1. Return the only residue of A:69, A:46 being outside any strand (DSSP E or B), without any contact (Cβ under 8 Å) to a residue 60 or more places away in the chain and surrounded by fewer than 17 Cβ atoms within 10 Å (Cβ to Cβ).
2. Check B:64, B:106 and return the single one that is closer than 26 Å to residue A:87 by Cα and modelled with pLDDT of 95 or more.
3. Residues of region B:4-44 being crowded, with 16+ Cβ neighbours inside 10 Å, within 14 Å of chain A (Cβ to nearest Cβ) and part of a loop (DSSP other than H, G, I, E, B), which ones?
4. For residue B:59, all conditions in the list (1) within 14 Å of another protein chain (Cβ to nearest Cβ); (2) touching a strand residue (DSSP E or B) at 6+ places or on another chain (Cβ under 6 Å); (3) part of a loop (DSSP other than H, G, I, E, B) hold save one; what is the number of the exception?
5. For region B:73-92, does any single residue satisfy the condition of being within 13 Å of chain A (Cβ to nearest Cβ) and under 18 Å from residue A:100 (Cβ atoms)?
6. Collect the residues in region A:7-43 that are facing chain B (nearest Cβ under 10 Å) and within 12 Å of the chain's Cα centre (by Cα), keeping them in residue-number order.
7. Could you tell me how many of the residues in region A:96-111 are at the interface with chain B (Cβ under 8 Å from one of its Cβ atoms), surrounded by fewer than 20 Cβ atoms within 10 Å (Cβ to Cβ) and in contact (Cβ under 8 Å) with a residue 12 or more places away in the chain?
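The values are calculated or read from the model by the stated rules, or taken from the named source; none is laboratory data. Remember, predicted model here, so these are calculated numbers, not experimental data. Quick reminder, even Gly has a Cβ in these numbers, built from the backbone with ideal geometry, and neighbours come from all protein chains shown.
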């Protein structure tokens, strides 16, 4: 069974800082890993998708890395802004050995607050 | 291009009743998945449909069911509602023309409250 852990559970930093969110997963047989943000009471917004064959993806101030062999991913946010305040969720799609895939397995998220 | 649309946004039901939630995927997307989000358990996978067939199922009781129509729109049904079914139900769609490795896009969710 795939398990996804996110550390830290909560983080509060001043505006302008660079920060790193961590995600680990127990089963390295994955199709992909996806990072999302969720604002209170809202749905999920996709930030970055990393295929299992990729090492990293970048979008604007966001950079996500993937080390499949060690079961780890990091989300790097550069020059943080108050608008970045949200819960950040990591999710992996596990591959079945005989083909096919499971649904997304999510971590519990990192609740991020950027202080103005 | 319209995103994933879920209706209704909010719902209040009584214990023992049943409920049907609807999801319209992004145009052209063939895969629709459903997730339940609660404060205690976080986000949990319910089931996935692809071309009108259930492709995957999470670890939920048989009271939770779903279906997908030929236009890829999907519905999920929960029968004999329990207080613990109160949650945000999220739908996601993916293009998936050739495999399982495409990006999932989520709707705004349906907030179900069981009283």
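1. Details: A:46 fails: outside any strand (DSSP E or B).
That would be A:69, the only listed residue that is outside any strand (DSSP E or B), without any contact (Cβ under 8 Å) to a residue 60 or more places away in the chain and surrounded by fewer than 17 Cβ atoms within 10 Å (Cβ to Cβ).
2. Working: B:64 fails: closer than 26 Å to residue A:87 by Cα.
Among B:64, B:106, only B:106 is closer than 26 Å to residue A:87 by Cα and modelled with pLDDT of 95 or more.
3. Across region B:4-44, the qualifying residues are B:4, B:25, B:26, B:29.
4. (2)
5. Within region B:73-92, one or more residues are within 13 Å of chain A (Cβ to nearest Cβ) and under 18 Å from residue A:100 (Cβ atoms).
6. Of the residues in region A:7-43, the ones facing chain B (nearest Cβ under 10 Å) are A:30-32, A:34, A:36, A:38, A:41-43.
If the condition is that a residue be facing chain B (nearest Cβ under 10 Å) and within 12 Å of the chain's Cα centre (by Cα), then A:32, A:34, A:36, A:38 are the ones that fit.
7. Taking region A:96-111 and keeping what is at the interface with chain B (Cβ under 8 Å from one of its Cβ atoms), we get A:100-109.
Then keep just the ones that are surrounded by fewer than 20 Cβ atoms within 10 Å (Cβ to Cβ); that gives A:100, A:108.
Within this subset, residues satisfying the condition of being in contact (Cβ under 8 Å) with a residue 12 or more places away in the chain are A:108.
Adding up the residues that qualify gives 1.
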